[in-house]
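The values are calculated or read from the model by the stated rules, or taken from the named source; none is laboratory data. It should be emphasised that the depicted structure is a prediction, and the values quoted were computed from it without experimental measurement. Neighbour counts run over all protein chains shown; Cβ positions are idealised from the backbone, glycine included. For accessibility, only protein heavy atoms count, side chains too; no ligands or nucleic acids. Shrake-Rupley method; radii C 1.70, N 1.55, O 1.52, S 1.80 Å.
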Amino acid sequence: MTLTQEETERYARHLSLPELGEQGQQKLKRAHVALTGLGGLGSPAALYLAAAGVGRLTLIDPDEVCLSNLQRQILHATDAAGTAKTASAARRLYALNPSVHINTVHRRLTPENAVSLLEGCDLVLDASDNYAARFAMADAACALRLPLVHGAVKGFIGQVAVFAPHQGTACYRCLFPVPPPAELAPSCGANGVLGVLPGTAGLLQATEVIKLIIGVGDSLRGRLLMYDALAAEFNEVKVRKDP
């Protein structure tokens with residue numbers, strides 16, 4: 001899968017990196033990433049994956065854009081209010097990079113459809129905002145032997161991890177065996193979130209995705225990276241495999 005002249009110009013700064021180069025850019029072009037959730041985390045992740053030249057993105061989200069999203073969900077614009085997030089996202093991403101192929105799924109990811117929605121992808125980016133979708137996605141990624149790049153935010157705290165049990169590291173359920181009670185897991189709507197925080201976590205997720213695709217650097221497999229925006233501090237926790 002060779003690069004076109006337009007792609008060579010577009011990705012010139014990538015091609016200058018010895019760790020990436022033309023071979024790495026071709027890997028990105030061949031890659032298929034499923035992105036679940038087009039909100040605060042999914043917005044920066046989708047923008048940067050499309051800009052980086054990931055060849056195919058499957059965008060999964062059941063919601064519509066509302067004004068309260070726009071404080072942090074930079075993928076969407078004011079005139080998109082009331083429209084499906086998948087449609088809004090596709091328009092923005094095609095405007096950014098017309099060569100990216102986009103599949104949109106305007107419905108909720110559930111235990112019943114998760115495997116069929118994620119089948120055929122190379123890896124999964126978890127930008128969802130509820131535990132039901134996260135567990136369904138994590139179980140499907142595990143069954144399909146796909147790396148899962150997880151992200152979550154609340155208040156002033158963000159976290160990012162990579163789960164790849166087929167490569168010998170922990171899975172999502174090693175960290176969270178069962179969904180927590182609703183009263184212990186309030187949504188951003190109920191608990192609030194600093195608008196710029198999902199940007200930090202989403203960019204870290206996109207970075208992990210790109211590293212995994214091109215095969216460079218040390219990924220967050222087996223590690224949970226936590227960011228405290230108030231303290232401007234990163235901390236890391238080892239996530240051990242639970243037999």
Residue check for Ala80: open to solvent by less than 10 Å² (accessible area, probe 1.4 Å) and either within 21 Å of Ile157 (Cα to Cα) or free of Cβ contacts under 8 Å to residues at least 40 places away in the same chain (or both): yes
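Just to be sure before I move on: is Val196 open to solvent by 60 Å² or more (accessible area, probe 1.4 Å), hydrophobic (A, V, I, L, M, F, W, C) and in contact with a Lys or Arg (Cβ under 8 Å, 6 or more places away or on another chain) in the structure I sent? Give the derivation first.
Values: open to solvent by 60 Å² or more (accessible area, probe 1.4 Å): yes; hydrophobic (A, V, I, L, M, F, W, C): yes; in contact with a Lys or Arg (Cβ under 8 Å, 6 or more places away or on another chain): yes.
So Val196 passes the test.
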All positions within the stretch 92-129 that are within 17 Å of Cys66 (Cβ to Cβ) and either free of Cβ contacts under 8 Å to residues at least 12 places away in the same chain or of a type in the set (Asp, Glu) (or both): Asp129
Conditions (1) modelled with pLDDT of 95 or more; (2) in a helix (DSSP H, G or I); number of the one not met by Ala132: (1)
Residue that is surrounded by the fewest Cβ atoms within 10 Å (Cβ to Cβ), among those in the stretch 37-49 that are on the phi < 0 side of the Ramachandran plot and in a loop (DSSP other than H, G, I, E, B): Gly39
Number of the condition not met by Val162 [criteria: (1) modelled with pLDDT under 95; (2) open to solvent by less than 10 Å² (accessible area, probe 1.4 Å)]: (1)
Index of the failed condition, Leu57 passing every other in (1) in a helix (DSSP H, G or I); (2) touching a His at 6+ places or on another chain (Cβ under 8 Å): (1)
Subset of the stretch 88-116 [aliphatic (A, V, I, L, M), closer than 15 Å to Gly42 by Cβ, open to solvent by 10 Å² or more (accessible area, probe 1.4 Å) and touching a helix residue (DSSP H, G or I) at 6+ places or on another chain (Cβ under 8 Å)]: Leu96, Ile102, Val105, Leu109
Residue within the stretch 178-195 that is out of contact with any helix residue (DSSP H, G or I) (no Cβ under 9 Å at 6 or more places or on another chain) and at positive phi present: yes
All positions within the stretch 2-36 that are open to solvent by 10 Å² or more (accessible area, probe 1.4 Å) and either closer than 30 Å to Asn113 by Cβ or among the β-branched types (Val, Ile, Thr) (or both): Thr2, Thr4, Thr8, Lys27, Lys29, Arg30, His32
Flag if Leu75 is free of Cβ contacts under 8 Å to residues at least 12 places away in the same chain and either of a type in the set (D, E, K, R) or under 21 Å from Lys154 (Cα atoms) (or both): no
Meets criteria (touching a residue at least 60 places away in the same chain (Cβ under 8 Å) and under 30 Å from Glu22 (Cβ atoms)) for Ser68: no
Test: residue in the stretch 99-113 that is assigned to a helix (DSSP H, G or I) and either modelled with pLDDT of 95 or more or of a type in the set (A, V, I, L, M, F, W, C) (or both): no
